Amino acid sequence: MLLPELVVHLAPVLELVRLTDEVPEPEDVKAGWGALAIFALMAAAVALLGWSLFRQLRKVEHGRVTGVYGDVPADPEQRPGAEDDADDNTGDAGRA
């Protein structure tokens, strides 16, 4: 549809780029200290983000277990006032 028309118009431009673009020699291309520093900083940033995510997920899990988000706590012993409910729960289980 549109692609054949686009190729017709881009072909001369691509040919011009191919003719004028010179490939550098292997001895002209070097990895520098700046690139290594950028790579190290990016690796440190990713590690810091992972650490922060892990901390936040632990806080959310703790909140879920203790019932902070309005859910029933997953573990009855984690709830405030669990000692009072523990006696009631055992009595209900005995009757059922």
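The values are calculated or read from the model by the stated rules, or taken from the named source; none is laboratory data. Note that the coordinates shown come from a computational prediction; the quantities given were computed from them, not determined experimentally. Positions of Cβ are generated from backbone atoms using ideal geometry, with glycine treated the same way; all protein chains shown enter the neighbour counts.
Annotations for the structure displayed:
- Matching residues in region 21-64 - criterion: being of a type in the set (V, I, T) and either at pLDDT 85 or above or touching a Leu at 6+ places or on another chain (Cβ under 7 Å) (or both): I38, V46, V60
- Within region 61-72, the set of residues being exposed (fewer than 12 other Cβ atoms within 10 Å of the Cβ) and in a helix (DSSP H, G or I) comprises E61, H62.
- The criterion of being exposed (fewer than 11 other Cβ atoms within 10 Å of the Cβ) and at pLDDT below 85 holds for P80.
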